[in-house]
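Peer 1: Here's a structure for you.
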Amino acid sequence: MKIAVCVSNVPDTATKIKIAQDRKSIDPAGVTFIINPYDEFAIEEALKTKEKFGGDSLTYSITVGNDSAKETIRKVLALGIDEAVLLKPDKNPDSLNIAKALAEEIKSLGCEIVFFGKQSVDYDSGIIGQLTAELLGFNCISVVVDLKIEGNIVIAEREIEGGREVVESSLPIVITTQKGLNEPRYASLKGIMAAKKKNITEKQIQINEVFTEIVEMNLPPSKQPGRIIGTDSSAVPELVRLLREEAKVI
Amino acid sequence: MPEKILAVLEQREGQIKKVSYEVLSLANKLSKQLASEFESVILGNEVSNISEINKYSSCKTTHFKNPELNNYSSSAYSKIISNFINDNQFTIVILPNTAMGIDLATRVAVKTNSAIATDCIKVDFLDGALVFTKPVYAGKSLINFKLNSERKVFTIRPNIFKAEMIEASNGAIEVKEVADLDLSTKVTSYKKSEGKLDVSEADIIVSGGRGMKGSENFHLIEELAEALGAAVGASRAVVDAGWRPHREQVGQTGKTVSPTLYVACGISGAIQHLAGMSSSKYIVAINKDKDAPIFNIADYGIAGDVFEILPALTQEIKKLKS
Ligand SMILES: Cc1cc2nc3c(=O)[nH]c(=O)nc-3n(C[C@H](O)[C@H](O)[C@H](O)COP(=O)(O)OP(=O)(O)OC[C@H]3O[C@@H](n4cnc5c(N)ncnc54)[C@H](O)[C@@H]3O)c2cc1C
Ligand SMILES: Nc1ncnc2c1ncn2[C@@H]1O[C@H](COP(=O)(O)O)[C@@H](O)[C@H]1O
C-alpha cells in the first residue's frame with residue numbers, strides 16, 4: 001500500500017505576526033516554522049496505517065513550498081516517513097494551485113490513502129484535502145477523529161457541530177485529520193539520524209492561473225482593554241448590571 | 001454572464017440551522033446591491049421548519065428531498081448541488097462555514113469550476129468587485145482578497161453576519177424528490193454529544209481553564225452555563241489534562257467561536273486560546289492574576305478567585321432570571 005501525507009510548513013503558533021512592506025504577506029524575519037499542528041495527526045495516522053498494512057507499504061510526505069520548508073520536512077522524515085517530495089512553485093500559489101500540484105504528485109506516486117491535516121494554521125482555510133480528493137476523484141472524509149480501514153472499506157468518525165457522524169466509504173481515499181484521532185509520537189534519536197540520510201526529492205512546478213488575489217493584509221482592529229470591576233464577589237452585581245444594561249447580552 | 005446568487009442552507013435532523021438564515025440574509029443583501037437574481041437550496045428529508053425561510057427572504061427555494069439526504073453525504077450532496085449550479089448558471093454560491101458547509105464548498109468548487117474562500121467575516125465591494133475578508137494566522141491578521149474567477153463559492157463564519165427578518169413573504173418552495181444518489185461516502189449514523197449545547201453553535205459560552213484546578217470543580221462552570229443557557233468550553237490545558245473532552249476546546253487547535261458573550265474562568269489568555277475566541281462580541285474574564293493577558297481583550301473583568309466568584313455569579317444570574 002502506498003500512503004501519502006501532505007504537510008504544510010507554518011509559522012510557530014506563538015509567533016507575533018508582523019505585516020510585510022507590501023502589505024500582502026507577513027514579514028518572515030524572526031519567524032520559526034513548524035509542522036502544521038494538525039498535520040502531526042496526519043503523519044501519525046500515515047505511520048500507523050503503514051504498520052497495519054505491513055509488507056512493502058511505503059509512506060511519502062509531500063509539501064508545496066520553497067527551500068525553507070526543508071528543515072520541517074527533515075522533522076517529518078525523522079518521525080518515520082519513508083520518502084519526501086518538495087514541490088517548488090514558480091510563484092505564490094493559492095489553495096487550488098496547491099491542491100492541483102498535490103493531486104498530480106499523488107497520482108504519479110500511485111498512493112491510495114492520503115492524509116491531510118484538517119486545516120493549515122497559516123491561512124486557516126481547511127480545504128486543500130477535500131480539493132485534492134475532488135481533483136483526484138478519490139473519496140474523502142474530513143475532520144476525522146476515529147478511523148478504521150479494513151481491506152477496501154473505510155469507516156470513520158467525523159467531528160461536526162454538536163456530535164459525530166459515522167461515515168462509510170472506500171479506497172482510494174483522502175482523510176483530513178482532527179485532534180483526538182491519535183497521539184502523535186515523538187521522533188526517536190534513531191529516527192533523527194536516519195532522516196539525515198533520507199532523500200528529499202525536489203521538483204519545480206509551474207503555477208498557472210491564480211484565482212485568489214490578495215488586496216491587503218491588516219492587523220485586526222485592536223481592542224480597548226476593558227474594565228476590571230473588582231477583585232472579589234462584591235463585584236458580581238455590578239458585572240451583571242453591566243452585562244444587562246450596557247452590553248445587553250443577558 | 002449576469003450575476004446570480006445561490007444560498008445553500010443547512011439542516012440537521014430536519015431543522016434548518018440558525019446560520020442558514022445568516023446565509024440567506026447576506027445573499028438577500030448582495031442580490032440587492034448587485035441587482036441580481038437570488039435563490040436558495042436545501043437538501044434533506046422532511047424539513048419541519050422550512051417555511052421559516054420566508055421570514056428572511058422572498059427568494060425561491062428548491063428542496064431536494066430523499067430519506068438518504070437527512071444526513072450529509074459529501075458525494076450525494078455535492079453532485080446534486082453542483083448540477084443545480086451548472087444547470088441554473090449561478091455565479092455566487094454562499095454556504096455556512098460549518099463542518100458540512102466547508103466540506104461541501106470545496107467539492108462544489110471543483111465540480112463547478114469556481115474559486116473558493118472559506119471562513120469569511122466580511123463581504124464588500126471594491127471597484128465593483130467582491131472583496132472578502134477572512135482571519136488568517138489564527139485571527140492575528142486579516143486579509144482582504146478578491147476571487148478572480150467567473151464563479152465564486154464562499155463560506156461565512158457563523159454568528160458574524162446578521163440574520164435579518166423581512167416583512168412576511170411567500171417565496172416559492174419547490175420540493176424535488178431525487179433518486180439514484182451517489183452514496184460512495186455515506187453517513188451511517190449520527191452520535192449526538194451528550195453535552196447540551198455545542199460551543200460552535202452557542203450564543204453564550206462559559207469556559208474553564210487550568211485555574212479551575214481539577215475536573216471535579218467544573219460543576220461550577222456547568223452551573224453558570226446552565227443558568228445562562230450557555231455551552232461549556234475549555235482551554236487546551238484542561239483538555240490535555242483529560243478534565244474535559246476535546247470537542248469543548250476553544251482555540252487555534254480547537255474550535256473557533258464568535259458568541260455574543262464569552263466568559264473565561266481561570267484561563268490565562270495564551271495567544272492560541274485567544275485565536276479561537278477573540279471575535280466574541282463581549283468577553284468577561286475571571287482570573288486571580290490581574291496581569292493575565294486575558295484581561296487585555298476582556299470587556300469586563302474580575303481579578304479574583306473563581307471559587308468565590310463563580311457561585312456568586314450563578315446565584316445572581318438565577319435571581320435575575322426568576
Ligand atoms: C500548537 C499549539 C496549539 C495550541 N492550541 C490551543 C488551543 O486551541 N486552545 C487553548 O486554549 N490553548 C492552546 N494551546 C496552549 C496554550 O499555549 C496555553 O498553554 C493554554 O491555553 C493554557 O491554558 P489555561 O489558560 O487554562 O492555563 P494557564 O495558562 O495555566 O492559566 C491558568 C490561569 O488560571 C489562573 N488561576 C489559577 N487559579 C485561579 C483561581 N483560583 N481563580 C482564578 N484564576 C485562577 C491563573 O492566574 C492563570 O492565568 C496551544 C499551544 C500550542 C503550542
Ligand atoms: N503547501 C502545502 N503543501 C502540502 N500540503 C499542504 C500545504 N498547505 C496545506 N496542505 C495540507 O492541506 C491541509 C489543509 O490546509 P488548508 O486548506 O490550507 O487549511 C493541511 O493540514 C495540510 O495537510
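The values are calculated or read from the model by the stated rules, or taken from the named source; none is laboratory data. Since the structure is predicted, the reported quantities are computational estimates derived from the model, not experimental observations. FYI the Cβ positions are ideal-geometry reconstructions off the backbone, even for glycines, and counts take in every protein chain you see. Ligands, DNA and RNA are stripped out before the accessible areas are found, and what is left, the full protein with its side chains, is counted by its heavy atoms. Shrake-Rupley method; radii C 1.70, N 1.55, O 1.52, S 1.80 Å.
Peer 1: Does segment B:282-308 hold any residues that are more than 7 Å from chain A (Cβ to nearest Cβ) and either in a loop (DSSP other than H, G, I, E, B) or of a type outside the set (Val, Ile, Thr) (or both), and which are they?
Peer 2: The answer is B:Ala285, B:Asn287, B:Lys288, B:Asp289, B:Asp291, B:Ala292, B:Pro293, B:Asp305, B:Phe307.
Peer 1: Which residue out of B:Ala275, B:Ala264 is crowded, with 24+ Cβ neighbours inside 10 Å and aliphatic (A, V, I, L, M)?
Peer 2: Checking each option against the conditions leaves just B:Ala264.
Peer 1: Follow-up question, since we're still on this one. If we only count strands (runs of 3 or more DSSP E) wholly inside segment A:165-250, which ones have 3 or more residues that are under 30 Å from B:Glu150 (Cβ atoms) and either touching a strand residue (DSSP E or B) at 6+ places or on another chain (Cβ under 7 Å) or at the interface with chain B (Cβ under 9 Å from one of its Cβ atoms) (or both)?
Peer 2: Result: A:212-218.
Peer 1: Identify all residues within segment B:190-231 that are out of contact with any Cys (no Cβ under 9 Å at 6 or more places or on another chain) and either more than 13 Å from chain A (Cβ to nearest Cβ) or within 16 Å of ligand 2 (Cβ to nearest atom) (or both); write none if there are none. So that I can check it myself, show each step before the final result.
Peer 2: First pass over segment B:190-231, keeping only residues out of contact with any Cys (no Cβ under 9 Å at 6 or more places or on another chain): B:190-205, B:210, B:213-219, B:222-223, B:225-231.
Within segment B:190-231, B:Arg210, B:Lys213, B:Gly214, B:Ser215, B:Glu216, B:Asn217, B:Phe218, B:His219, B:Glu222, B:Glu223, B:Glu226 meet the criteria.
Peer 1: Now, a different point. When segment A:127-138 is examined, which residues are found to be over 17 Å from A:Ala46 (Cβ atoms) and either in contact (Cβ under 8 Å) with a residue 40 or more places away in the chain or more than 9 Å from chain B (Cβ to nearest Cβ) (or both)?
Peer 2: Those that are over 17 Å from A:Ala46 (Cβ atoms) and either in contact (Cβ under 8 Å) with a residue 40 or more places away in the chain or more than 9 Å from chain B (Cβ to nearest Cβ) (or both): A:Gln130, A:Gly137.
Peer 1: Could you please find all residues in segment B:252-272 being within 6 Å of ligand 1 (Cβ to nearest atom), farther than 24 Å from B:Asp305 by Cβ and touching a helix residue (DSSP H, G or I) at 6+ places or on another chain (Cβ under 6 Å)?
Peer 2: The answer is B:Gln252, B:Thr253, B:Gly254.
Peer 1: Right, something else. Return yes when A:Lys18 is away from ligand 2 (no atom under 11 Å from the Cβ), over 28 Å from A:Asn139 (Cα atoms), open to solvent by 20 Å² or more (accessible area, probe 1.4 Å) and within 14 Å of chain B (Cβ to nearest Cβ) and no when it is not.
Peer 2: Spelling it out, A:Lys18 is indeed away from ligand 2 (no atom under 11 Å from the Cβ), over 28 Å from A:Asn139 (Cα atoms), open to solvent by 20 Å² or more (accessible area, probe 1.4 Å) and within 14 Å of chain B (Cβ to nearest Cβ).
Peer 1: Right, something else. For segment B:102-115, indicate whether the set of residues that are part of a strand (DSSP E or B), more than 19 Å from B:Ile80 (Cβ to Cβ) and within 10 Å of chain A (Cβ to nearest Cβ) is non-empty.
Peer 2: Step one: list which residues in segment B:102-115 are part of a strand (DSSP E or B), which gives B:115.
Add one more test, that the residue is more than 19 Å from B:Ile80 (Cβ to Cβ), and what stays is B:115.
From what is left, the residues that are within 10 Å of chain A (Cβ to nearest Cβ) are B:115.
Yes, the conditions are met somewhere in segment B:102-115.
Peer 1: What tally of residues in segment A:1-17 results from selecting those that are among the small types (Gly, Ala, Ser) and within 29 Å of A:Gly54 (Cα to Cα)?
Peer 2: 2
Peer 1: If you go through segment A:105-122, how many residues are basic (Lys, Arg) and within 16 Å of ligand 1 (Cβ to nearest atom)?
Peer 2: The total comes to 1.
Peer 1: If you scan segment B:241-261, which residues turn out to be outside any loop (DSSP other than H, G, I, E, B) and facing another protein chain (nearest Cβ under 10 Å)?
Peer 2: So the first thing to find is which residues in segment B:241-261 are outside any loop (DSSP other than H, G, I, E, B), and the list is B:246-250, B:255, B:261.
Scanning segment B:241-261 gives B:His246, B:Arg247, B:Gln249, B:Lys255, B:Leu261.
Peer 1: Of the residues in segment B:28-48, how many are crowded, with 19+ Cβ neighbours inside 10 Å and not in a loop (DSSP other than H, G, I, E, B)?
Peer 2: So the count comes out to 10.
Peer 1: Oh, and also: Mind checking which residues of segment B:232-257 are closer than 15 Å to B:Leu197 by Cα, away from ligand 2 (no atom under 16 Å from the Cβ), open to solvent by 10 Å² or more (accessible area, probe 1.4 Å) and not aliphatic (A, V, I, L, M)?
Peer 2: Across segment B:232-257, the qualifying residues are B:Arg244, B:Pro245, B:His246, B:Arg247, B:Glu248.
Peer 1: Turning to a different aspect of this structure: What is the residue count in segment A:76-92 for residues that are within 14 Å of ligand 2 (Cβ to nearest atom) and either among the charged types (D, E, K, R) or open to solvent by less than 40 Å² (accessible area, probe 1.4 Å) (or both)? Even if it seems obvious, please write down each step before you answer.
Peer 2: Filtering segment A:76-92 for residues within 14 Å of ligand 2 (Cβ to nearest atom) gives A:76, A:81, A:84-89, A:91-92.
Next, from what is left, pick out any that are either among the charged types (D, E, K, R) or open to solvent by less than 40 Å² (accessible area, probe 1.4 Å) (or both): A:76, A:81, A:84-89, A:91.
Residues in segment A:76-92 being within 14 Å of ligand 2 (Cβ to nearest atom) and either among the charged types (D, E, K, R) or open to solvent by less than 40 Å² (accessible area, probe 1.4 Å) (or both): 9 in total.
Peer 1: Still on this model: Out of the residues in segment A:22-69 that are among the hydrophobic types (A, V, I, L, M, F, W, C), within 14 Å of another protein chain (Cβ to nearest Cβ) and open to solvent by less than 20 Å² (accessible area, probe 1.4 Å), state the one that is nearest to ligand 1 (Cβ to nearest atom).
Peer 2: A:Ile35
Peer 1: A follow-up question, please. Would you mind stating whether A:Ile141 is open to solvent by less than 10 Å² (accessible area, probe 1.4 Å), at pLDDT 95 or above, in contact with a strand residue (DSSP E or B) (Cβ under 7 Å, 6 or more places away or on another chain) and within 8 Å of chain B (Cβ to nearest Cβ)? Steps first, please.
Peer 2: Details: open to solvent by less than 10 Å² (accessible area, probe 1.4 Å): yes; at pLDDT 95 or above: yes; in contact with a strand residue (DSSP E or B) (Cβ under 7 Å, 6 or more places away or on another chain): yes; within 8 Å of chain B (Cβ to nearest Cβ): yes.
Yes, satisfied.
Peer 1: Is there any pair linking a residue in segment B:161-179 that is exposed (fewer than 11 other Cβ atoms within 10 Å of the Cβ) to one that is among the basic types (Lys, Arg), with Cβ under 6 Å and at least six apart or on different chains, and which?
Peer 2: B:Glu177/B:Lys65
Peer 1: Also, I was wondering about something else. If only one of B:Asp87, B:Asp103 is open to solvent by 10 Å² or more (accessible area, probe 1.4 Å) and either touching a helix residue (DSSP H, G or I) at 6+ places or on another chain (Cβ under 9 Å) or not polar (S, T, N, Q) (or both), which one is it?
Peer 2: B:Asp87
Peer 1: Further, regarding this structure: State the number of residues belonging to segment A:144-164 that are more than 18 Å from the chain's Cα centre (by Cα), over 22 Å from A:Gly54 (Cβ atoms) and either within 16 Å of ligand 1 (Cβ to nearest atom) or more than 7 Å from chain B (Cβ to nearest Cβ) (or both).
Peer 2: Qualifying residue count for the region: 1.
Peer 1: How many residues, within segment B:49-71, are within 14 Å of chain A (Cβ to nearest Cβ) and open to solvent by 10 Å² or more (accessible area, probe 1.4 Å)? Please lay out each step first, then the result.
Peer 2: Taking segment B:49-71 first, the residues within 14 Å of chain A (Cβ to nearest Cβ) are B:68-71.
Okay, now just the ones that are also open to solvent by 10 Å² or more (accessible area, probe 1.4 Å), so B:68, B:70-71.
Result for segment B:49-71: 3.
Peer 1: From the residues in segment B:110-136 that are in contact (Cβ under 8 Å) with a residue 24 or more places away in the chain, more than 20 Å from B:Phe161 (Cβ to Cβ) and not basic (Lys, Arg), which one is most open to solvent (accessible area, probe 1.4 Å)?
Peer 2: Taking the candidates together, the pick is B:Asn113.
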